[in-house]
Structure formats: structure tokens, C-alpha cells
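A short worksheet on the structure shown next.
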Amino acid sequence: MHEIGLVDDIICAINAKLKTSGENSRLKKINIAIGELEHISPGHFEFHFRERTKDTPFAAVELDFKKVKAKFKCKSCQTEFFCAGELECPVCNSKVADIISGSGIYVDSIELA
């Protein structure tokens, strides 16, 4: 299941961050960024997170989500733009663009108690 892999990746990233920072404090809050192009809602992600962290130190951590808007760069004219509907450059009408932001799920930051 796609969501479980995402949750496991987030947990692994947080464990690595805590290990490298040398912090012995308790994790209080995880700020998670979800790209607009991802097909998972904060509620769905949190459900799977809670399932995977039962009976662990992460069980009571607060989750805060931020939606990252999808931003593109036209390959024809290099214009950067946001897209709400059909992917089309507002300057040259090209339908070929690179994704600049708005894909993926990642830990934006963590807060310790």
C-alpha cells in the first residue's frame, strides 16, 4: 500500500534527524508538507501514521500539515506558473512543463518538547 510506504519513509526520516541532532528530547510535533499533486489527504495520511506508530514514542506526537501548491516551469518559454486545471503555459500555451513544487510528501520541520 502506497500510504504505508510514505508513512514509513517519514518515520525513518524523523528517526535519522533525531539521531544526527543528538537530541534526547521528546518529539512534540511533526510539520508535514503534502504536495498538491499527491493523491493523499492529511486525514488519510494521519490515519496510517497512527496505525504504524501505535505503542511507539511517536504515538502521541502532534501532526500539522501544509499543502504545497503545484508550480511548473514551461519547457518552451521558461515561464513559471501555477496550474489549477489543465496543464498549459499561460504565456505560450505549451503543454510541456517541469514540476518545480507540489509533488511529494516530506517533513518540513519537527518540534521537540
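General remarks:
- One residue stands out among those in the range 49-63 that are hydrophobic (A, V, I, L, M, F, W, C) and either at pLDDT 95 or above or under 19 Å from the mean Cα position of the chain (by Cα) (or both): the one that is farthest from VAL7 (Cα to Cα), which is VAL61.
- Being modelled with pLDDT under 90, outside any strand (DSSP E or B) and within 13 Å of the chain's Cα centre (by Cα) holds for only one residue in GLU3, GLU23, and it is GLU3.
- Residues that are surrounded by 14 or more Cβ atoms within 10 Å (Cβ to Cβ) and either assigned to a loop (DSSP other than H, G, I, E, B) or touching a residue at least 40 places away in the same chain (Cβ under 8 Å) (or both), drawn from the range 58-74: PHE58, VAL61, ALA70
- Summed over the range 76-93, the residues that are small (Gly, Ala, Ser) and either modelled with pLDDT under 90 or under 25 Å from the mean Cα position of the chain (by Cα) (or both) give a count of 2.
- In the range 3-15, the residues that are in contact (Cβ under 8 Å) with a residue 40 or more places away in the chain reach residues that are of a type in the set (S, T, N, Q) with C-beta atoms within less than 8 angstrom, at least six apart or across chains, in these pairs: ILE11/THR53.
- The lone exception for THR53 - which of (1) over 26 Å from SER101 (Cβ atoms); (2) polar (S, T, N, Q); (3) loosely packed, with under 15 Cβ neighbours inside 10 Å it fails: (3)
- Positions within the range 61-113 being of a type in the set (Lys, Arg), over 19 Å from HIS39 (Cβ atoms) and in contact with a Ser or Thr (Cβ under 8 Å, 6 or more places away or on another chain), in sequence order: LYS73, LYS75
- Residue in the range 6-17 that is assigned to a helix (DSSP H, G or I) and touching a Ser or Thr at 6+ places or on another chain (Cβ under 9 Å) present: yes
- The residues listed here are GLU80, GLU36, GLU88; of these, the one that is among the charged types (D, E, K, R), over 30 Å from ALA113 (Cβ atoms) and in contact (Cβ under 8 Å) with a residue 60 or more places away in the chain is GLU36.
- Selection status of VAL96, exposed (fewer than 13 other Cβ atoms within 10 Å of the Cβ) and modelled with pLDDT of 90 or more: yes
The values are calculated or read from the model by the stated rules, or taken from the named source; none is laboratory data. Quick caveat, the model's predicted, so the values are computed rather than measured. Cβ coordinates were reconstructed from backbone atoms using ideal geometry, including for glycine residues, and neighbour counts include every protein chain displayed.
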